Amino acid sequence: MNSHHIQVTVCTKTFANNILQIRQRVSPSQVCVVVKANAYGHGLTKLATTAVEAGANYLGICTNPEAKVIRDLGLQVKLLRLRMALPEELEESIDDLNIEEQIGTMESAVYLSQAGIKRGISIPVHLNIDLGMGRSGFFPNQIEQIEQVCTLPGIKIVGIMTHFPAADGQELNLTKQRLEKFEHLCELLANSLPEDILVHTHNSAATVRLTSKCNHLVRVGAACYGVRTSQAFANPAELKPVMSIKTRIAQVRQVPAGNTIGYDSLFTTKRDSLIASLPVGFGEGYPRSLFNKGIVLIHGHRCPVVGRVSLNITTVDVTDVPEEVKWGEEAVLVGCQAKEEITFEELADRFGSVHTEINLMAGFMNEISYI
Ligand SMILES: *Cc1c(COP(=O)(O)O)cnc(C)c1O
């Protein structure tokens with residue numbers, strides 16, 4: 001059955017090309033393409049395969065089911081877990097999924113060490129260093145503990161990493177200082193760490209904005225999907241959005257001045273208006289908080305969302321569109337139409353969120369067409 005009312009389209013070629021652009025940019029560093037959260041809503045199965053074909057050295061995941069999907073596709077690519085694991089997750093992943101884990105406490109290091117000894121193997125792990133994210137990791141002054149971890153049997157340190165909390169902020173000085181501190185720590189630890197260790201710090205924003213002398217691997221999500229996490233910087237023009245969301249006009253109607261529109265009657269027409277109803281709402285992942293803030297492209301014009309976004313209906317003011325607006329015509333929620341474009345970033349800024357939230361909801365709530 002075709003979905004007539006919404007088309008969420010993901011272009012795998014664009015995704016592959018974004019990865020190639022990033023690979024060229026960071027070469028000879030390796031690239032970990034982040035596919036957690038169902039590939040940021042773009043669909044894990046399809047994009048994991050595309051990422052590997054496009055030369056991803058690692059895929060970044062969070063959960064065991066994600067890793068299982070990737071392994072069931074027959075992909076032997078290296079997997080890096082981007083958060084701390086639960087003990088049960090570790091038991092499963094060591095035996096069946098071959099995920100490289102991060103360790104950021106002595107407790108998790110000892111646990112993995114014992115799990116490795118019990119199985120007679122060395123489990124590959126990445127040392128996580130906390131430079132201000134505050135979620136996990138050893139602090140840079142815990143050198144003795146880190147050195148002790150390096151001597152534990154049953155694990156093999158293959159990487160040392162940190163994650164920047166504000167690489168996408170206006171102000172980059174703090175991130176630069178954190179990078180220097182991290183590089184200094186790696187020098188201090190040089191004698192304890194294996195020579196071929198992978199040093200990695202950069203997410204998308206850092207990859208686009210900062211160079212580093214010691215990064216062997218970048219962990220990129222947003223950039224691969226052609227989006228950026230803040231307005232503070234621009235993505236290079238080669239990185240293009242991978243997803244677009246289109247719908248069609250389910251009704252066009254004259255509404256005289258002085259009529260209210262939508263739940264809670266929060267919008268009143270100030271003039272005789274032409275209102276288009278779109279057959280999508282937050283049930284399709286179009287954020288409810290876009291109430292009186294959203295913009296939709298119709299005939300290549302930017303038309304404002306008026307009134308509350310309902311579960312399955314959104315109302316748009318098309319009074320100012322010079323041509324006749326007709327039942328059944330295309331309306332673009334995110335993407336291009338004629339010379340206009342609405343980006344995920346713009347829409348997210350309009351209701352104070354990040355692009356991922358729209359990508360995620362649209363991807364989870366609708367069937368995706370791949371082109
Ligand atoms: C999600 C995640 C990334 C990717 O972040 P983007 O901003 O999407 O590039 C990188 N590193 C870690 C540890 C993450 O959790």
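The values are calculated or read from the model by the stated rules, or taken from the named source; none is laboratory data. Small disclaimer: the values here were computed from a predicted structure and weren't measured. Virtual Cβ from ideal backbone geometry, glycine too; neighbours counted across all protein chains shown.
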**OP:** Go through segment 218-234 and give me each residue that's away from the ligand (no atom under 11 Å from the Cβ) and touching a helix residue (DSSP H, G or I) at 6+ places or on another chain (Cβ under 6 Å).
**Re:** 226, 233
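Yes/no per residue for (1) touching a residue at least 24 places away in the same chain (Cβ under 8 Å); (2) within 16 Å of the ligand (Cβ to nearest atom); (3) among the small types (Gly, Ala, Ser); (4) closer than 19 Å to residue 78 by Cβ:
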| residue | (1), (2), (3), (4) |
| --- | --- |
| 122 | yes, no, yes, yes |
| 126 | yes, yes, no, yes |
| 139 | no, no, no, no |
| 149 | yes, no, no, no |
| 152 | yes, no, no, no |
Subject >> Matching residues in segment 303-320 - criterion: being touching a strand residue (DSSP E or B) at 6+ places or on another chain (Cβ under 8 Å), under 22 Å from residue 365 (Cα atoms) and among the aliphatic types (A, V, I, L, M) >> reply: 305, 313, 316
Subject >> Evaluation of residue 39 against (1) farther than 30 Å from residue 145 by Cα; (2) away from the ligand (no atom under 15 Å from the Cβ); (3) part of a helix (DSSP H, G or I); (4) not β-branched (Val, Ile, Thr) (one fails), failing number >> reply: (2)
Original post:
When you go through (1) acidic (Asp, Glu); (2) under 18 Å from residue 224 (Cα atoms); (3) part of a loop (DSSP other than H, G, I, E, B) one by one for residue 323, which number turns out not to apply?
Top reply: (2)
Original post:
Which condition does residue 328 not pass, out of (1) outside any strand (DSSP E or B); (2) under 30 Å from residue 47 (Cα atoms); (3) of a type outside the set (A, V, I, L, M, F, W, C), if it passes all the others?
Top reply: (2)
Original post:
Taking segment 45-65 only, how many residues are buried (at least 23 other Cβ atoms within 10 Å of the Cβ) and more than 24 Å from residue 199 (Cα to Cα)?
Top reply: 2
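So that you can scan it fast, the table gives a plain yes or no per residue for (1) buried (at least 20 other Cβ atoms within 10 Å of the Cβ); (2) closer than 19 Å to residue 357 by Cα; (3) of a type in the set (Asp, Glu):
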position: 208; (1), (2), (3): yes, no, no
position: 212; (1), (2), (3): yes, no, no
position: 216; (1), (2), (3): no, no, no
position: 228; (1), (2), (3): yes, yes, no
position: 249; (1), (2), (3): yes, no, no
position: 255; (1), (2), (3): no, no, no
Original post:
Is at least one residue of segment 350-369 surrounded by fewer than 16 Cβ atoms within 10 Å (Cβ to Cβ), more than 17 Å from residue 253 (Cα to Cα) and either free of Cβ contacts under 8 Å to residues at least 12 places away in the same chain or within 16 Å of the ligand (Cβ to nearest atom) (or both)?
Top reply: yes
**OP:** Filter segment 198-217 down to residues that are within 10 Å of the ligand (Cβ to nearest atom) and either within 15 Å of residue 183 (Cβ to Cβ) or of a type in the set (S, T, N, Q) (or both), then give me how many there are.
**Re:** 7
Subject >> Near pairs, Cβ below 7 angstrom, 6+ apart or cross-chain, from segment 70-97 (within 20 Å of residue 40 (Cα to Cα)) to any residue that is assigned to a loop (DSSP other than H, G, I, E, B) and within 16 Å of the ligand (Cβ to nearest atom) >> reply: 77/56; 78/57; 81/62; 82/62; 83/62; 84/104; 84/136
**OP:** Give just the number: which of (1) within 28 Å of residue 42 (Cβ to Cβ); (2) in contact (Cβ under 8 Å) with a residue 40 or more places away in the chain; (3) over 19 Å from the mean Cα position of the chain (by Cα) does residue 288 not satisfy?
**Re:** (2)
Original post:
For segment 138-175, how many residues meet the condition of being surrounded by 14 or more Cβ atoms within 10 Å (Cβ to Cβ), of a type in the set (D, E, K, R) and either in a helix (DSSP H, G or I) or not assigned by TED's automatic domain parsing to the domain that holds residue 217 (or both)?
Top reply: 1
Original post:
From the list 257, 237, which residue is outside any strand (DSSP E or B), in contact with a Lys or Arg (Cβ under 6 Å, 6 or more places away or on another chain) and more than 16 Å from the ligand (Cβ to nearest atom)?
Top reply: 257
Original post:
When you go through 273, 310 one by one, which is the residue that is more than 30 Å from residue 231 (Cα to Cα), buried (at least 18 other Cβ atoms within 10 Å of the Cβ) and not assigned by TED's automatic domain parsing to the domain that holds residue 36?
Top reply: 273
Original post:
Among the numbered criteria (1) within 16 Å of the ligand (Cβ to nearest atom); (2) free of Cβ contacts under 8 Å to residues at least 40 places away in the same chain; (3) over 25 Å from residue 58 (Cα atoms), which single criterion is violated by residue 177?
Top reply: (1)
Original post:
Residues of segment 51-93 being assigned to a loop (DSSP other than H, G, I, E, B), within 13 Å of the ligand (Cβ to nearest atom) and either β-branched (Val, Ile, Thr) or not assigned by TED's automatic domain parsing to the domain that holds residue 200 (or both), which ones?
Top reply: 63
